[in-house]
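Q: Next up is a structure, given as structure tokens.
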Amino acid sequence: MTEYRGGFCFHLGTLSLSLSVFFIGPVYTDYHDDRMTQFAIGLTAGLVFVVTALILLWFGHKRHKKLRKVSDSQPGGNDFASRLVDDGATAGPTHSPVNALPDHPSEPLYPPMKLWRVYFLLVLSATLYAVMLTYRTIRDLNQIGEKRTQPGFYAVGVLIPLVNYAIFFQMANSIARSARKNGFDLPLHPAALTGLLIFTAFAPTVMPSFLYPLTVSIAAIPWLVLHQQMNRLRLAHGPNWRQPDNRYTWKQRSLLIAGLPLMALILVGSKPEFLHFTGKRLAPGESVSGHTPTYRLQIPDEGWRVVPSGTLFPGTDLELMGKTLNDWVVVHAHVTQHRSLDSFVDARRAIIAAQWRNVEVVETRTLDSGAKMTPLSLARFSGNEGVMNTAKAIFVATAVTPEYTVEAIGQGTKNQENAVQALVESLRLSAAENKP
């Protein structure tokens, strides 16, 4: 695979083929559920990407065959010099074995960009700039004489889990080997640097999303060290750079412009998690009520917090969050407006059924234990949405009085279903509102 020279067309065709799977995948479900508009859009887009992928892959394979034919027609066509044929170029005087020696790069190298510039590019792109950084590193290592493969192949491989560690180690190892040939040693061993990359990769899994800048900064440390080592190697081969030193290319500028809205979007999307982190902790057995003093809930276990109303849904009177963002309970309290308990229950069932397929509903009726017995509806909704669905069940408790209607709605995942159900079913009206 490392010998394949499909070039940019091959990589773009592979991406187009992946996008076709993304669009064609849900078409059967859309057809089964009679969503014909989504079915037509998905099928059309999928076929367009398939045709585009086939055309691009054909051009890429044609390029590979052409370059291979040129390589095989030259003496020693399978040696190191033949592997340095540039994208779209044929073998010529600039790619001779003499010019390809480690001390005589056949082409100018990329400039040693300062670390703070690389840091901003990595952070603002959520470390996606590592793809471009890998491309630059492999391309320069090719010119120096430490690599024998296409930069684009490794740049795409950085996006693949586990494979990225192997690619990172190979880059670090090649830089260290070339540094020793130039008479200096690097302070950090390639294996230790790769181990640091693996260690920092766990930062996003253990840190909250509202600390995104800090999380990405930690994940960028190994790439910054690798870039610093590559800078020393570039300086050892002279100042003949491919572009002016300390200047952003148009690709890097585009990445910075696109990265600022991305960071803002991530930080705005992490607001519920931030409010959950700063919310008031509730003790097991504690009673809690919202802005409207017509009801109370009893906390079943540890890990529940009160968050400001409107964090999860607009128009709520009380919002509680469990140990994770997927476990929550919200309470709506509003004027009854001469509606019955059955009408509220049927309306809520229709809303949930519109969101979930194959909904299973189990409802029971009981009486509030207040001075005046008020009917309560306790319902459990279970949906079958596939393995990617994190919401296992929704619980609803509804109480209707002549003045107010109180509705507690909770979502529970597999580990917290019992706790969410107990919290929702603990809904009780206050004595002042518990009237027939």
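Q: How large, in percent, is the carbon and sulfur part of the accessible surface of region 184-302 at a probe radius of 1.4 Å?
A: Its accessible area is 66 percent carbon and sulfur atoms.
Q: While we're on this one: Provide, as a two-decimal number, the C-alpha radius of gyration of region 140-288 over 2.2 N^0.38 Å, N being how many residues it has.
A: 1.39
Q: How big is region 237-287 by Rg and Dmax over its Cα atoms, in Å?
A: Expressed in Å, the Cα Rg and Dmax of region 237-287 come to 22.7, 72.
Q: By the scheme Lys and Arg +1, Asp and Glu -1, what is the net charge of all other residues having a beta-carbon under 10 Å from that of GLU363?
A: Cβ neighbours under 10 Å give a net charge of +3.
Q: Measuring from centroid to centroid over Cα atoms, what is the spacing of region 226-279 and region 189-209 in Å?
A: Region 226-279 and region 189-209 have Cα centres separated by 18 Å.
Q: Accessible area per residue, 1.4 Å probe, Å², for region 291-384: what's the number?
A: Accessible area per residue, region 291-384: 54 Å².
Q: Which whole-number percent of Cα pairs in region 278-374 have a distance greater than 16 Å?
A: That fraction is 68 percent.
The values are calculated or read from the model by the stated rules, or taken from the named source; none is laboratory data. Bear in mind that the values here come from a model prediction, so they are computed numbers and not experimental data. Methodologically, a virtual Cβ is constructed for each residue, glycine included, from the backbone with ideal geometry; neighbour enumeration extends over all protein chains shown. Accessible surface is based on the protein model in full, side chains and every heavy atom, while ligands, DNA and RNA are left aside. Shrake-Rupley method; radii C 1.70, N 1.55, O 1.52, S 1.80 Å.
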